[in-house]
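The values are calculated or read from the model by the stated rules, or taken from the named source; none is laboratory data. None of these values were measured; they are calculated from a predicted model. Counting neighbours? That spans all protein chains shown, and the Cβs are built from the backbone with ideal geometry, glycine included. Side chains are part of the model used for accessible areas, which takes the heavy atoms of the whole protein and leaves out ligands, DNA and RNA. Shrake-Rupley method; radii C 1.70, N 1.55, O 1.52, S 1.80 Å.
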Amino acid sequence: MSGFQAFEGEKVHIKAWTKGVPIEDAAMRQLRNVASLPFIHKHLAVMPDVHWGRGATVGSVIPTVGAIIPAAVGVDIGCGMMAARLNIRAEHLPDNLFEIRSLIEAAVPHGRTDNGGRNDVGAWQVDPPEAAKTRWADLEAGYQAVVDKHPKAAHPRGFGHLGTLGTGNHFIELCLDEAGDVWVMLHSGSRGVGNRFGSYFIERAKHDMRRWFINLPDQDLAYFPEGSEGFIDYIRAVSWAQKYARASRETMMDQVLGVLRGLFPTLDVTQEAVNCHHNYVTREKHFGKDVFITRKGAVSAKEGELGIIPGSMGAKSFIVRGKGNPDSFCTCSHGAGRAMSRTEAKRRFTVEDHVAATAGVECRKDAEVIDETPMAYKDIDAVMAAQADLVDIVHTLRQVVCVKG
């Protein structure tokens, strides 16, 4: 029995793994808008964490032939997850985890101040670590190739943000699995430089739509036709940003493991689960055709492939193995998905609510993180149940330390 619900679209069907999980009206309108485009291949696939996004919903898989929509990839290009299991266990951790959280916060810049300017705490204020320098050396030429042609896409902190966390729903966590083993799990993307690349090319695509007199149901669905100059330049930029995001997560993992080795000298990694994107575009073959797959808030789940589906900062998370379901374009959700806007969460919940919801987790418990409180997200158990034919659960993790920007 299929796990998806089918909805009629103007040109293609919409297949949604959302049984038991509501879809907001605004998100459904966006799905129908995307389904009306002439270059969608077969159907849209919708994950159970679906919610409204810019142009296209977060939690959707958009297969296209001959075109790419920059706003569907988004501005946090290459955002994703990384997780590693360690050889330390719950009983090795101290009763009070505040020191560990403080040391991680000191080792990895996080947050944003000074409007992202010279004194921004979210960038390296002193020399970045050697791991960041080495990785930037591999990235610098590719960055320069993009900005030499598109100077307005340049960002002053490409190097300064490499290996930094950012804000919003990005996090670094220590988790325990069902056997009591400790995991490091982190979530971040391409930071300011990816945001600048994404924003710049979204506007370029809109400009091209106006120049070619192409009418769209939403201007944020502006696209680059394959072979056009904009397409070629965007592919170069987005591929670089995805590589940058992966390198940034690797650098943060190095920093966190360095902190833990200072506390546990015999620490070792026993399993690196995955370093996966969930905001990206790639070329894959589906239903007999080579197509561009844009996963906007969605994770590749090919048969046997490991992935990460995090819950909110007070809920459990999952290491999963893909089932390679062809109807989902071999994809699963990227998390629980927001149940409400950040503004609504701040209006509805108090610091006391947040403290109660994050009991047992060493994390920030102040008004500035109310928009990330667990109640602002969908029920992760319902999300997992809705995609039972997409992935198998390998490990169930619960957070004990959470660092937020």
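Is it the case, given these coordinates, that E130 is touching a Phe, Trp or Tyr at 6+ places or on another chain (Cβ under 9 Å), loosely packed, with under 15 Cβ neighbours inside 10 Å and without any contact (Cβ under 8 Å) to a residue 40 or more places away in the chain? Steps first, please.
On the way: touching a Phe, Trp or Tyr at 6+ places or on another chain (Cβ under 9 Å): no; loosely packed, with under 15 Cβ neighbours inside 10 Å: yes; without any contact (Cβ under 8 Å) to a residue 40 or more places away in the chain: yes.
No; evaluated as a whole, the condition is false for this residue.
Mind checking which residues of the range 57-100 are among the aliphatic types (A, V, I, L, M) and within 15 Å of the chain's Cα centre (by Cα)?
Just the residues of the range 57-100 that are among the aliphatic types (A, V, I, L, M), to begin with: 58, 61-62, 65, 67-69, 71-73, 75, 77, 81-84, 86, 88, 90, 93, 97, 100.
Matches in the range 57-100: V58, V61, A71, A72, V73, V75, I77, M81, M82, A83.
For residues that are open to solvent by 10 Å² or more (accessible area, probe 1.4 Å) and under 13 Å from the mean Cα position of the chain (by Cα), tally how many sit in the range 313-337.
Result for the range 313-337: 1.
Condition first: out of contact with any Phe, Trp or Tyr (no Cβ under 6 Å at 6 or more places or on another chain), among the β-branched types (V, I, T), free of Cβ contacts under 8 Å to residues at least 12 places away in the same chain and open to solvent by 30 Å² or more (accessible area, probe 1.4 Å). Can you find one or more residues in the range 134-147 that meet it?
yes
So the check is Cβ under 9 Å with 6+ separation or different chains; which pairs have a first residue in the range 262-273 that's in contact (Cβ under 8 Å) with a residue 60 or more places away in the chain and a second one that's surrounded by fewer than 11 Cβ atoms within 10 Å (Cβ to Cβ)?
Sorted first by the residue in the range 262-273, then by its partner, the pairs are L263/P94.
Under 7 Å between Cβ atoms, at least 6 apart or on separate chains: pull out the pairs that start in the range 23-44 with a residue that is on the phi > 0 side of the Ramachandran plot and in a loop (DSSP other than H, G, I, E, B) and end on any residue that is modelled with pLDDT of 95 or more and surrounded by 20 or more Cβ atoms within 10 Å (Cβ to Cβ).
K42/P63
Just give me the residues in the range 253-297 being open to solvent by 20 Å² or more (accessible area, probe 1.4 Å), over 13 Å from P63 (Cα atoms) and more than 25 Å from the chain's Cα centre (by Cα), in sequence order.
R261, G262, L263, F264, P265, T266, D268
So is I62 more than 24 Å from S333 (Cα to Cα), open to solvent by less than 10 Å² (accessible area, probe 1.4 Å) and in contact with a helix residue (DSSP H, G or I) (Cβ under 7 Å, 6 or more places away or on another chain) or not? Even if it seems obvious, please write down each step before you answer.
On the way: more than 24 Å from S333 (Cα to Cα): no; open to solvent by less than 10 Å² (accessible area, probe 1.4 Å): yes; in contact with a helix residue (DSSP H, G or I) (Cβ under 7 Å, 6 or more places away or on another chain): yes.
Taking the combined requirement at face value, the residue does not satisfy it.
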